[in-house]
Amino acid sequence: MKSPIAGRRIKSKKCDRYMRILLITNFFPPTNIIASFRMYSFATYLPDFGVKVDVLTPRRSGSLSLDLSNIDVHYPLELPVSFQFATRRNVVKQVLKHTGIRAFRHYATSAFYHSSLQYASKLDKNRYSAILASYPLEDSLRIGYALSRRWDTPLIVDYRDLWLQNGYADWTPMDALFIRILEGRINRHASLVIASTRGATEKLQKRFGKKVATIYNGFWDEEPRGKQNRDAAMQKDRITFCYCGSLYGGKRPLEWLFPLLAQDKKYHLKVAVLEEIDANVVKRYAEASGVKQQVELYVGLTSAEADRLEVDSDVLILLNLPHARGNDVIPAKFYRHLLKGRFIMGLGHKNDEVGAILRELNAGIYLSHRDDINLFFGAYDGWNIDKRRDIGFYSRKAQAGRLAAEMMSLKY
């Protein structure tokens, strides 16, 4: 076991330990990308459970104004926020990419990989008890793997999702094969693999033949928790549904919800979209269904305005993928819906984990596209916020505590 290092103390049944880890990620605040939030939550909350965190990440611009003053962040290089891809078709490149040359070229020339290894030579390897590498992108895994072997330090691999993202668009089967071989080698070396959903956990366990722990994304503990006044809601002369986000071409949730609106004039739907073109689609569907007067449209709301719109509603609509591949996806919006204390009506695939969590917490109903929309009535009429189970398990801080416990169980 390595010597104890500087860090906050955590008490366990086995012994008292101190830890510091190096977190390697392609995205971190101020970059406003979903992956940044998961990594920031680890860096923020893990110290409360005895694990100090240093971060190794490219310096990128962004709009997230989060406090980094208590986090040691190392920037080996500066990169753009997003990758730029050629829009003009190049026949030679189209042919070459099917040979696997493109994937190998990216592997050999990755600026983040080579700059990070050079930068890491200046770091004190004895400072770290473990390395946590976040996937995607695969560059982070490669850096973590190289440093783990160089420093003889345990490697932890985090899967935010299962997307195959390797730094370029329009990947081919040869790209996938190259990355899968690389990914498999690294994960079989890892001391611990974690994923953000149970669906992803099960797939990774089958893929690598080793235990994978589920560490959810969750909601921020500092955000206020709402509580719906159920009696007041039932006495109102209108029940308001609210959906903010993508319309998936305008067909969902509209074609699914409009028949419900048509049953009773007291049902109203608030829809917030980003583009005017989506708003026009909503208008056409509403007119065709005869519920135009029951639909309120909002375009280009800020995040704060969308939050207020949802808080002022009775039922929050949650969409997931309609096919079975959605069972390893939990939309970030789901956790925010839990905080608002409103009845949640989800739409996706019958085997989605989101539906299982909703049932577990008694927080709403989850229907597939083939279910009868009228099932909503029985669930909503008998629901009360006081009957909902405690949601504390799904806070980001609670999940960081679970991750810390997994780390403490490793042999150093």
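Here are the numbers for the structure shown:
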quantity	calculated
Top-ranked residue of segment 26-38 - restricted to ones that are in a helix (DSSP H, G or I) and under 21 Å from A111 (Cα atoms), ranked as modelled with the lowest pLDDT	A35
Those residues of segment 65-99 which are closer than 19 Å to P136 by Cβ and either β-branched (V, I, T) or modelled with pLDDT of 70 or more (or both), in sequence order	P76, L77, L79, P80, V81
Among the residues listed as V281, V271, the single one being among the β-branched types (V, I, T), within 30 Å of the chain's Cα centre (by Cα) and within 16 Å of S313 (Cα to Cα)	V271
Search result, residues across segment 106-122 that are within 25 Å of Y159 (Cβ to Cβ) and either in a strand (DSSP E or B) or in contact (Cβ under 8 Å) with a residue 12 or more places away in the chain (or both)	H106, Y107, S110, A111, F112, Y113, S115, S116, L117, Y119, A120
Residue ID - nearest to C242 (Cα to Cα), chosen from residues in segment 275-320 that are part of a helix (DSSP H, G or I) and in contact (Cβ under 8 Å) with a residue 60 or more places away in the chain	E310
Residue count, segment 362-379 (criterion: out of contact with any strand residue (DSSP E or B) (no Cβ under 9 Å at 6 or more places or on another chain) and modelled with pLDDT of 90 or more)	1
L358 being under 16 Å from the mean Cα position of the chain (by Cα) and not hydroxyl-bearing (S, T, Y)	no
Y145 vs. criteria assigned to a helix (DSSP H, G or I) and in contact with a Lys or Arg (Cβ under 7 Å, 6 or more places away or on another chain)	no
Yes/no for S41 being exposed (fewer than 15 other Cβ atoms within 10 Å of the Cβ) and out of contact with any Cys (no Cβ under 6 Å at 6 or more places or on another chain)	no
Some residue of segment 167-184 being crowded, with 18+ Cβ neighbours inside 10 Å, modelled with pLDDT of 95 or more and more than 21 Å from the chain's Cα centre (by Cα)	no
Filtered residue count, segment 123-142, keeping only those that are touching a residue at least 12 places away in the same chain (Cβ under 8 Å), part of a loop (DSSP other than H, G, I, E, B) and either loosely packed, with under 15 Cβ neighbours inside 10 Å or over 28 Å from the mean Cα position of the chain (by Cα) (or both)	1
Of the criteria (1) touching a residue at least 40 places away in the same chain (Cβ under 8 Å); (2) crowded, with 20+ Cβ neighbours inside 10 Å, which one I34 fails	(2)
Residue match in segment 337-349 (condition: closer than 30 Å to A130 by Cβ and either outside the structural domain of S191 (by TED's automatic domain parsing) or part of a helix (DSSP H, G or I) (or both))	no
Subset tally (residues that are surrounded by 18 or more Cβ atoms within 10 Å (Cβ to Cβ) and touching a Gly at 6+ places or on another chain (Cβ under 9 Å)) for segment 282-305	2
Hits in segment 380-397 - residues which are of a type in the set (A, V, I, L, M, F, W, C), buried (at least 16 other Cβ atoms within 10 Å of the Cβ) and either modelled with pLDDT under 90 or in a helix (DSSP H, G or I) (or both)	W383, I385
Failed condition for D221, given (1) modelled with pLDDT of 75 or more; (2) outside any loop (DSSP other than H, G, I, E, B)	(2)
Long-range neighbours under 6 Å by Cβ, at least six apart or interchain, first residue in the same structural domain as F112 (by TED's automatic domain parsing) and among the hydroxyl-bearing types (S, T, Y) within segment 47-64, second in a loop (DSSP other than H, G, I, E, B) and surrounded by 15 or more Cβ atoms within 10 Å (Cβ to Cβ)	T57/T25; T57/F28; S63/N32
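Residue-wise test of (1) part of a loop (DSSP other than H, G, I, E, B); (2) touching a residue at least 12 places away in the same chain (Cβ under 8 Å); (3) small (G, A, S).
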| position | (1), (2), (3) |
| --- | --- |
| A176 | no, yes, yes |
| R180 | no, no, no |
| G184 | no, yes, yes |
| N187 | no, yes, no |
| V193 | no, yes, no |
| T201 | no, yes, no |
| L204 | no, yes, no |
| A213 | no, yes, yes |
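The values are calculated or read from the model by the stated rules, or taken from the named source; none is laboratory data. Keep in mind the model is a prediction, meaning the values are calculated, not measured. Here the Cβ is made from the backbone with ideal geometry for all residues, glycine too, and neighbour counts use every protein chain on show.
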